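The values are calculated or read from the model by the stated rules, or taken from the named source; none is laboratory data. All of these numbers come straight from a predicted model, not from anything done at the bench. Every residue, glycine as well, gets a Cβ built from its backbone with ideal geometry; the counts of neighbours run over all protein chains shown.
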Amino acid sequence: MKTEILPECHLGVWEIAEDFDTLNSMVNLAAVEKTKLNSFKNISRKVEWLSVRALVKNMLGKDTEILYNSENKPFVRGNTHSISISHSNSLTAVLISKDKKVGIDLEFMSGKISKVADKFMNKKESVTSDPEMKKYHLYLHWCAKEALYKICDKQDINFRDGLTIAPFEPDDHGFMNGHVVNGNGEQDFELEYLHHDNYALVWCVK
């Protein structure tokens, strides 16, 4: 799946069905990228990493060199685009924009999240009482906070208390509002979300 959500801002989701050799043949890697790929010992990590390059090539129509800074935040060589990346289970998601900051998070919804909810939910936030929707609602909060964390460069943020998602009723597709407090002050964001198979997907653009 790929879609232009704003002018010059593209969202892509890739279901990893290919093996290492197939994905590797789909992209032309720069020397520094080959070194990075070879540094991964786990074949599934290599496949995941290659899927990002294949997806971005599919989205932009060309090979694009993606590097990482000291905070492990991805960036495009030459800073021609802002990029955010997420993986979970068999899906890879990328949000890329020429002129806006971006953040995205994708999570496969296993049954464990309620056990750790107090680690990331603060007292201003609320979750539906509907037992059928509770797990999904918790995952949307988690994904939203990850997306905000990424769009704010992963710096100087208390994940539970510095990121607050305003109350909302979860649906298959919708919007929510987030508030960030960090060393740079306070900022508000609108986030968009999607229920895709057994995944929660949230992204924001600013």
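Of these, Met176, Met133, which one is outside any loop (DSSP other than H, G, I, E, B), in contact (Cβ under 8 Å) with a residue 24 or more places away in the chain and under 17 Å from the mean Cα position of the chain (by Cα)?
Details: Met133 fails: under 17 Å from the mean Cα position of the chain (by Cα).
Of the residues listed, the single one that is outside any loop (DSSP other than H, G, I, E, B), in contact (Cβ under 8 Å) with a residue 24 or more places away in the chain and under 17 Å from the mean Cα position of the chain (by Cα) is Met176.
Does segment 137-147 contain at least one residue that is in a loop (DSSP other than H, G, I, E, B) and modelled with pLDDT of 95 or more?
First, pick out the residues of segment 137-147 that are in a loop (DSSP other than H, G, I, E, B): none.
No - not one qualifying residue is present in segment 137-147.
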Query raised in the report: Do you know which of the residues in segment 1-36 that are at pLDDT below 95 and among the acidic types (Asp, Glu) is surrounded by the most Cβ atoms within 10 Å (Cβ to Cβ)?
Result: Glu33
Query - Selection count where residues are buried (at least 19 other Cβ atoms within 10 Å of the Cβ), aromatic (Phe, Trp, Tyr) and over 25 Å from Leu6 (Cβ atoms), scope segment 154-191 - result: 0
Report summary line: Conditions (1) in contact with a strand residue (DSSP E or B) (Cβ under 6 Å, 6 or more places away or on another chain); (2) closer than 25 Å to Glu15 by Cβ -> Val180 fails only (2)
Query raised in the report: Among Asp188, Asp130, Asp118, which is touching a strand residue (DSSP E or B) at 6+ places or on another chain (Cβ under 6 Å) and not assigned by TED's automatic domain parsing to the domain that holds Pro74?
Result: Asp188
Query raised in the report: Is segment 180-196 home to any residue that is within 15 Å of the chain's Cα centre (by Cα) and among the β-branched types (Val, Ile, Thr)?
Result: no
Report summary line: Only one of Ser39, Ser70, Ser44, Ser110 is under 24 Å from His141 (Cβ atoms) and either surrounded by fewer than 19 Cβ atoms within 10 Å (Cβ to Cβ) or touching a residue at least 24 places away in the same chain (Cβ under 8 Å) (or both), namely Ser110
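Does Val127 count as surrounded by fewer than 22 Cβ atoms within 10 Å (Cβ to Cβ), touching a Leu at 6+ places or on another chain (Cβ under 8 Å) and of a type in the set (Val, Ile, Thr)?
Values: surrounded by fewer than 22 Cβ atoms within 10 Å (Cβ to Cβ): yes; touching a Leu at 6+ places or on another chain (Cβ under 8 Å): yes; of a type in the set (Val, Ile, Thr): yes.
Here the answer is yes, as Val127 does meet what is asked.
Give Ser88, Ser84 a once-over and let me know the one that is in contact (Cβ under 8 Å) with a residue 60 or more places away in the chain, in the same structural domain as Thr64 (by TED's automatic domain parsing) and surrounded by fewer than 21 Cβ atoms within 10 Å (Cβ to Cβ). Please lay out each step first, then the result.
Details: Ser84 fails: surrounded by fewer than 21 Cβ atoms within 10 Å (Cβ to Cβ).
Only one candidate qualifies: Ser88.
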Report task. From Leu37, Leu29, grab the single residue that is in a helix (DSSP H, G or I), among the hydrophobic types (A, V, I, L, M, F, W, C) and over 25 Å from Glu190 (Cα atoms). Result -> Leu37
Query raised in the report: Which members of segment 179-205 meet the condition of being modelled with pLDDT of 95 or more and in a loop (DSSP other than H, G, I, E, B)?
Result: Asn198
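Does segment 50-57 contain any residue that is assigned to a loop (DSSP other than H, G, I, E, B) and surrounded by fewer than 18 Cβ atoms within 10 Å (Cβ to Cβ)? Before the answer, list the steps.
Start the filter on segment 50-57 by keeping residues that are assigned to a loop (DSSP other than H, G, I, E, B), which leaves none.
There is no residue in segment 50-57 that is assigned to a loop (DSSP other than H, G, I, E, B) and surrounded by fewer than 18 Cβ atoms within 10 Å (Cβ to Cβ).
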